[in-house]
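Undergrad: One structure, as C-alpha cells, below. Some questions next.
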Amino acid sequence: MSTSADTEYSAKEVALHKEGTDAWMTIHGEVYDVTKYLHDHPGGADVLVEAAGMDASEAFDNAGHSEDAFEIMEQYRVGKLKGAKKFGAQPVKVTLQPPQEKKVAASRSLAVSKSVAASAIAAGAIGGLCYAASLSNREIIPQAVLQHLKSLAAPIVKGTGSSSQRQGLGFFEGILAASAVFAVAGTMASHEFSKMVDFHANIFANPTHMRMPKSPRPDPLLVRGWLHPSQYQSLPLIEKVLVAPNVYRFVFELPNPQAVAGLPIGQHVSIAGPIDEKTGKASVSRSYTPVSNNSDKGVLELVIRCYPDGQLTGGYLAGLEVGDEVAFRGPKGAMRYRPGLCRKIGMVAGGTGITPMYQLIRAICENERDLTEVSLVYANRSEADMLLRAELEAFARRYPKNLKLHYLVDEAPAHGKWAHGVGRVNKDVMAKHLPAPAADTKIMLCGPPGMVKGASATLVELGFEKAAATSKMSDQVFVF
Ligand SMILES: Cc1cc2nc3c(=O)[nH]c(=O)nc-3n(C[C@H](O)[C@H](O)[C@H](O)COP(=O)(O)OP(=O)(O)OC[C@H]3O[C@@H](n4cnc5c(N)ncnc54)[C@H](O)[C@@H]3O)c2cc1C
Ligand code: HEM
C-alpha cells in the first residue's frame, strides 16, 4: 500500500494491522507502522504487538518516552488518524534543571504577594470610594450607592474612634482605615487559600471539564514534589551501602530537608547514565522504584542490583561515590496505588522486583485505615540475595492482617532452619500462597522476564485474566 505523511486513516483501517507481522498503531492522532521496529524497541516487542491496531497514546505516555523515541518514530509514521486534532505529546528532554523546590517556594510566595497586592489595590479602591462617599454633596456617584458605601464604611469609621463626629471621612483616613482592614483580611484570606492550593501544579492547566480536587489536603503520599516527569534533574549521593552481594542501597539528598520526591506509590523513576557533553544526551537510561516515599523528607532512596556487564549498573552505578550527582526524572508508570484499589493483592516478586511491591506494602501497612490484605511470594537464588527482608518481616509481624509472606530460594539453606519454600514459582506455590481469583482481587508481578512470563501463564490456569503486555491499573493482573 502506498502511504504519505498526509494520508488519513480511520480507526477501523488502523485496526486491520494488529499482528506481529503487520503492526500499526495510533499515537496522539498520528498513525505508525512499527512492524520493522518491533525487535529494536527498547521497551520490548510484546508491548508494541499488544498495542497493534489500537490507539496506544496512553500506554506510550505512561512509558515516558524521550526525544530519541520521538525522533525514531518519525521514520515509521504513515499518516494521520481521520478527524484527529493536533495533540501535544511531550518528549522527555535530557537536560539538567535547578531543583524544583526553590521554584515551588518562589511561585508560592509570588502567588501570595500577588494576592496581597490585589488586596491592597482593592483596599485602595474601597478607600477611594469611602472618600467619595464622604463627599456626598458631589454628584459623581448616585445617592443610593453613596448611602450603601457609607453604611459599609460605618464600622471602619467607628473603629477609628474619631470620625463619627465629623460630617464625612477625610481622604487619608478613608484610605488608611479601609486599606488596613482589607489588607489584613486579604492577606489572611490569601494565606488560607495558598494552604489549600498546590501552587506547584498549574491549576489553570486542567482542562475545563476536570473537577478540582475534592479535598483541600491531598493524600501526602500523592503530592507533587521534586521530581519532574520530562526533565532530568540531578541529586548528590550521600550514602552507599552494600546490602547483599552486588546490591547497594543508594541514598540521594533532595534540595532541602523538607523536600519530598513526589513519587506516587507504585510509580518509578528513570535514571540517566552519564550525559555526553557534546550531544547533551545520556548514553542509557533505566527504571528504578525507590524504597523511600513522600513521607521520607529530604531523601530519595533506592536499592539497586549492579550487574558486572550491566550498561547502567555495571560501570556507572556500581562506581558511584558519595558526592557524585545522578540524574533522575519521573514519576513514570501506570500504577498509582490508592487505598481501596482492591481488597486483596497477591504479589509475586523475584530479586530486585521486590522494590515496587515494597512500596505498596509499606504504604498499606503504614496507613491504619487501609485494610487491604497482601500475600507476597518472594523468590531469590539464595537467602543472601533477599532484599528488604528485615523490613518486610517487621511489617508482617506488626500488621499480620495486612501482610503474609512466603519466600522461595533455589536451594534450602545449609543452616536447616528454613521455614519457607525451595524451588521456582510454580502453580502449587501460587495456588497455596496467593488469593483466589475474585472481582476485588489483583495480582502484581515484578521480576526477571522468565519468572514474569511463567507466572502470567500459571495465573491464567488458576482462573485469572491474561496479563496485558502493558498493564493498566484496572487490570486484574498487573505487571510492573
Ligand atoms: C518498573 C521497573 C522498576 C525497576 N526497579 C528496580 C529497582 O528498584 N532495583 C533494581 O536493581 N532494578 C530495578 N529494575 C531493573 C532496572 O531497570 C534495570 O533493568 C537493571 O538495573 C539492569 O540495567 P543495566 O543497564 O545495568 O543492565 P543491562 O545492560 O540492561 O543488562 C545487562 C545484564 O544484566 C542482566 N539483567 C538485567 N536486568 C535483569 C533482571 N531484572 N534480572 C536478571 N538479570 C538481569 C542480564 O543478564 C543482562 O545480560 C526495574 C525495572 C523496571 C522496569
Ligand atoms: C513508534 C513508536 C515507539 C517508539 C519509536 C518507541 C521508542 C522507545 C524508545 C527509544 C525507548 C527507550 C527509552 C526512551 O528513549 O524513551 C522506549 C522505551 C519503552 N517503550 Fe517505546 N516506543 C514506541 C511505542 C511504544 C508504545 C506504543 C508503548 C506501549 C504500548 C511503548 C512502551 C515502552 C516501554 C514500556 C518502554 C520502557 C520504558 C522504561 O524505561 O521504563 N513504546 N520506547
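The values are calculated or read from the model by the stated rules, or taken from the named source; none is laboratory data. Quick caveat, the model's predicted, so the values are computed rather than measured. Backbone-built Cβ (ideal geometry, glycine too); neighbour counts: all protein chains shown.
Listed here are the residues, each with its yes/no results for (1) closer than 16 Å to Val348 by Cβ; (2) of a type in the set (S, T, N, Q); (3) surrounded by fewer than 20 Cβ atoms within 10 Å (Cβ to Cβ).
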site	(1), (2), (3)
Glu373	yes, no, yes
Val377	yes, no, no
Lys404	yes, no, yes
Ala431	yes, no, yes
Leu445	yes, no, no
Thr458	yes, yes, yes
Glu465	yes, no, yes
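Undergrad: Identify, from the list Gly43, Gly88, Gly83, Gly64, the residue that is more than 9 Å from ligand 2 (Cβ to nearest atom), under 24 Å from Gln267 (Cβ atoms) and modelled with pLDDT under 95. Steps first, please.
TA: Values: Gly43 fails: more than 9 Å from ligand 2 (Cβ to nearest atom); Gly83 fails: under 24 Å from Gln267 (Cβ atoms); Gly64 fails: more than 9 Å from ligand 2 (Cβ to nearest atom).
So the residue among Gly43, Gly88, Gly83, Gly64 that is more than 9 Å from ligand 2 (Cβ to nearest atom), under 24 Å from Gln267 (Cβ atoms) and modelled with pLDDT under 95 is Gly88.
Undergrad: Please list, ordered by residue number, the helices (runs of 4 or more DSSP H) wholly in the stretch 354-460 having 3 or more residues that are of a type in the set (Val, Ile, Thr). Give the derivation first.
TA: Working: elements: 354-366, 389-398, 427-433.
Fully inside the stretch 354-460 and qualifying: 354-366.
Undergrad: Taking Thr289, is it surrounded by 19 or more Cβ atoms within 10 Å (Cβ to Cβ), free of Cβ contacts under 8 Å to residues at least 40 places away in the same chain, under 20 Å from Gly447 (Cβ atoms) and within 16 Å of ligand 1 (Cβ to nearest atom)?
TA: Working: surrounded by 19 or more Cβ atoms within 10 Å (Cβ to Cβ): yes; free of Cβ contacts under 8 Å to residues at least 40 places away in the same chain: no; under 20 Å from Gly447 (Cβ atoms): yes; within 16 Å of ligand 1 (Cβ to nearest atom): yes.
Spelling it out, it is not the case that Thr289 is surrounded by 19 or more Cβ atoms within 10 Å (Cβ to Cβ), free of Cβ contacts under 8 Å to residues at least 40 places away in the same chain, under 20 Å from Gly447 (Cβ atoms) and within 16 Å of ligand 1 (Cβ to nearest atom).
Undergrad: Based on this model, can you work out whether Arg389 counts as touching a residue at least 40 places away in the same chain (Cβ under 8 Å), over 23 Å from Arg369 (Cα atoms) and not hydrophobic (A, V, I, L, M, F, W, C)?
TA: Answer is no for this residue.
Undergrad: Another one. Scan the stretch 434-456 and report the pairs whose first residue is within 16 Å of ligand 1 (Cβ to nearest atom) and whose second residue is modelled with pLDDT under 95 and acidic (Asp, Glu), with Cβ atoms within less than 7 Å and a gap of 6+ or a chain change.
TA: Close Cβ pairs satisfying both conditions: none exist.
Undergrad: (1) charged (D, E, K, R); (2) more than 29 Å from Leu227 (Cβ to Cβ); (3) surrounded by fewer than 16 Cβ atoms within 10 Å (Cβ to Cβ): which one isn't true of Glu71, the others all being true?
TA: (2)
Undergrad: Follow-up. Answer yes or no as to whether Lys417 is more than 29 Å from the chain's Cα centre (by Cα) and away from ligand 2 (no atom under 16 Å from the Cβ).
TA: On the way: more than 29 Å from the chain's Cα centre (by Cα): yes; away from ligand 2 (no atom under 16 Å from the Cβ): yes.
So Lys417 passes the test.
Undergrad: Moving on to the next point. Among the residues of the stretch 306-356, count how many are free of Cβ contacts under 8 Å to residues at least 60 places away in the same chain and within 16 Å of ligand 2 (Cβ to nearest atom).
TA: The total comes to 5.
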